[in-house]
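First comes the structure, then the notes that go with it.
The numbers here are math on the coordinates, done by the rules we state, and not lab data. What you are looking at is a predicted structure, and each value in this text was computed from that prediction instead of being measured. Positions of Cβ are generated from backbone atoms using ideal geometry, with glycine treated the same way; all protein chains shown enter the neighbour counts.
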Amino acid sequence: MTIRPHNLLTSLNRLTPAVLSLFRVVIGLLFVFHGTSKLFGWPTGPIATVGSWPLFYAGVIEVVCGLLVTVGLFTRIAAFIASGEMAVGFFVVHLPNGLMPLTNGGEMAVVYCFALFLLFFTGGGAYALDSRLLLTPRPGVSTSTER
């Protein structure tokens, strides 16, 4: 059996909405755990003192935005805020230790920053609450009230 490139690309294109939703859920859950480690010491890590700058506030942003991204509610806004938080985290915490993310401990901050930035542009995918509640336009669906 020979697989033609056109058929493979067509098959992959059909799966894009589902895979985007899977990507959103995985990034969101990982981001939640990033925040719970700061706020509750779970699954690992020291607990930030309530109100301490910047760890406590970073943990709150990570848990709240991570949950919103996971379920796909206000995905673009939550992803934008979370992406910005990771960018600030990289420049404030990691960059003083060196330029390269691999050597300054900021590699995951960069990965989260750009993964969440991607979700800001793509939205949450077909299986996000946003698309179910018509908070983001879907191709072929008019949200205009004009006639």
Original post:
Which angle from 0 to 90°, rounded to the nearest 10, does the C-alpha axis of helix 55-71 make with the longest principal axis of the chain?
Top reply: 20
**OP:** Give the angle, between 0 and 90 degrees and rounded to the nearest 10, that separates the Cα long axis of helix 5-39 from the longest principal axis of the Cα atoms of the chain.
**Re:** 20
Subject >> Relative contact order (%) - criterion: Cα under 8 Å, at least six apart; region: the chain >> reply: 24
Original post:
Expressed as an acute angle from 0 to 90° and rounded to the nearest 10, what is the orientation of the C-alpha long axis of helix 107-122 relative to the principal long axis of the chain?
Top reply: 30
Subject >> Neighbour net charge for His34 - beta-carbon separation under 11 angstrom, K R +1, D E -1 >> reply: -1
**OP:** At a temperature of 37 °C and a viscosity of 0.692 mPa s, determine how fast the chain diffuses translationally according to Stokes-Einstein, using the Kirkwood radius over alpha-carbon pairs as Rh; express D in µm²/s, rounded to the nearest whole number.
**Re:** 195
Original post:
So, with +1 on the Cβ of K and R and -1 on the Cβ of D and E, and no other charges, what is the size of the charge dipole of the chain about its Cα centre, to the nearest 20 debye?
Top reply: 500
